[in-house]
Each structure stands twice: as C-alpha cells, then as structure tokens.
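Novice: Mind having a look at this structure? Questions to follow.
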Amino acid sequence: MGTNASTDAAPSCLTGPNGTSRERMTTRVRGLLNKPLDRLLVAERESRDGRILHYIEGWTAINQANRIFGYDGWGMEVMGEVGFRPIHLVDPDTEATLAVGMYSAVVRVTVRGCAPRSDAGCGFVTADTPEAHETAYKGAVTDALKRALRYFGNQFGN
C-alpha cells in the first residue's frame, strides 16, 4: 500500500525507489494541497441504514488532480489484473439481491516529485448483465484511484 500523508501538511516527496534524486513537489502544489477541500465538491448519499455518507466523485478527484498537479504532472495505472469474485449478497429485511459479484482493483498514482501511492478499490455487480459488470469494473478502478489520491491529503476527500 502507499505511504500515508499527514493530514496537516502536503506530502514531502524527495527520492525515487533507488534513492535517486527526484524533482521536489513545487511550493504551489504543496500550497494547493494544504488548502481545505471546497465543500461544494463533496457529494452525499444515504446508506442502506439511513446514514448520510460524504464522498467525492471520481470525476471530481480527477479534476482536482489535474488542477493541482497539472495534466502532465500526474498519472495512474492499474496494477495487475482487475479481479472478479462471484458473491451473493441479499438484503436481510427484504431478501432482495444486492450483489452477484465484486470486482477489485489496485491503482498506483504517480505525481511528479513524489513516490507513487497505491490503494485498492472494489465495485459490486448489482445484476448479472453486461452493463452491471461494466459499471462495477469501472467502479473498482475509480474507487482505487480515489483511495490512492487520498494519500495526498484533504483536497481528495481524505
């Protein structure tokens, strides 16, 4: 997994994997990362048990990364295969099927001037249709991307 960034300051990134000197994260980027997240970027949804969940959407995380790091200052890659596991999740109250499978992915985010950060994500298949599998597959990758970006601090919904 990736290195955890402090919630009080932007990550300090100095060296590559072989101890080689790398470009430092710019003062401008560190300053943007240290700012509080704009509450207008936070989405809400209700959980099955009635709690309100706060999160940032995938497109918001990508827009934030482009704004902060620059379009050519960061990248992501899926590490290995996106996995699939059949499961059978049922609502205990209604006995309705909640999921028939789960995709999992690991994504590594690389930012100029920092060591890569990685994390895992998942997406549940809600019906056994091609569209539901496509949505869950993409959801697993997006979830992993958002989780990896969290290591850069509050600008990514940490």
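Novice: Within segment 46-75, can you find the residues that are in contact with an Asp or Glu (Cβ under 9 Å, 6 or more places away or on another chain) and small (G, A, S)? Write out each step before concluding.
Specialist: Let us first name the residues in segment 46-75 that are in contact with an Asp or Glu (Cβ under 9 Å, 6 or more places away or on another chain), namely 48, 52-55, 58.
Within segment 46-75, G58 is the sole residue that qualifies.
Novice: Here's a follow-up. Please name all residue pairs, on different chains or six or more residues apart, with Cβ atoms under 6 Å, provided the first residue is in segment 39-58 and is polar (S, T, N, Q) and the second residue is not in a helix (DSSP H, G or I).
Specialist: Cβ pairs passing all conditions: S47/L53.
Novice: Working only within segment 136-158, note down all residues that are assigned to a helix (DSSP H, G or I), small (G, A, S) and either open to solvent by 50 Å² or more (accessible area, probe 1.4 Å) or in contact (Cβ under 8 Å) with a residue 40 or more places away in the chain (or both).
Specialist: A140, A144, A148
Novice: Pull up segment 23-59, narrow it to residues that are part of a loop (DSSP other than H, G, I, E, B), at pLDDT 90 or above and basic (K, R), then point me to the one that is surrounded by the fewest Cβ atoms within 10 Å (Cβ to Cβ).
Specialist: Applying the filter and picking the extreme gives R51.
Novice: Does segment 99-111 contain at least one residue that is under 14 Å from the mean Cα position of the chain (by Cα), open to solvent by 30 Å² or more (accessible area, probe 1.4 Å) and within 22 Å of A43 (Cα to Cα)?
Specialist: No: segment 99-111 contains no residue that is under 14 Å from the mean Cα position of the chain (by Cα), open to solvent by 30 Å² or more (accessible area, probe 1.4 Å) and within 22 Å of A43 (Cα to Cα).
Novice: Here's another thing I want to ask about it. Looking at T129 and the list (1) surrounded by fewer than 17 Cβ atoms within 10 Å (Cβ to Cβ); (2) modelled with pLDDT of 95 or more; (3) under 22 Å from R67 (Cβ atoms), which single condition is not satisfied?
Specialist: Every condition holds for T129 apart from (3).
Novice: Does segment 95-106 hold any residues that are touching a residue at least 12 places away in the same chain (Cβ under 8 Å) and either among the aliphatic types (A, V, I, L, M) or in a loop (DSSP other than H, G, I, E, B) (or both), and which are they?
Specialist: L98, A99, V100, M102, A105, V106 - these are the residues of segment 95-106 that are touching a residue at least 12 places away in the same chain (Cβ under 8 Å) and either among the aliphatic types (A, V, I, L, M) or in a loop (DSSP other than H, G, I, E, B) (or both).
Residue-by-condition table, conditions (1) among the hydrophobic types (A, V, I, L, M, F, W, C); (2) in a loop (DSSP other than H, G, I, E, B); (3) in contact (Cβ under 8 Å) with a residue 12 or more places away in the chain:
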position	(1), (2), (3)
R85	no, no, yes
H88	no, no, yes
D93	no, yes, no
R108	no, no, yes
A115	yes, yes, yes
E134	no, no, no
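The values are calculated or read from the model by the stated rules, or taken from the named source; none is laboratory data. Note that the coordinates shown come from a computational prediction; the quantities given were computed from them, not determined experimentally. Every residue, glycine as well, gets a Cβ built from its backbone with ideal geometry; the counts of neighbours run over all protein chains shown. Keep in mind that these areas ignore ligands, DNA and RNA; they rest on the heavy atoms of the full protein, side chains included. Shrake-Rupley method; radii C 1.70, N 1.55, O 1.52, S 1.80 Å.
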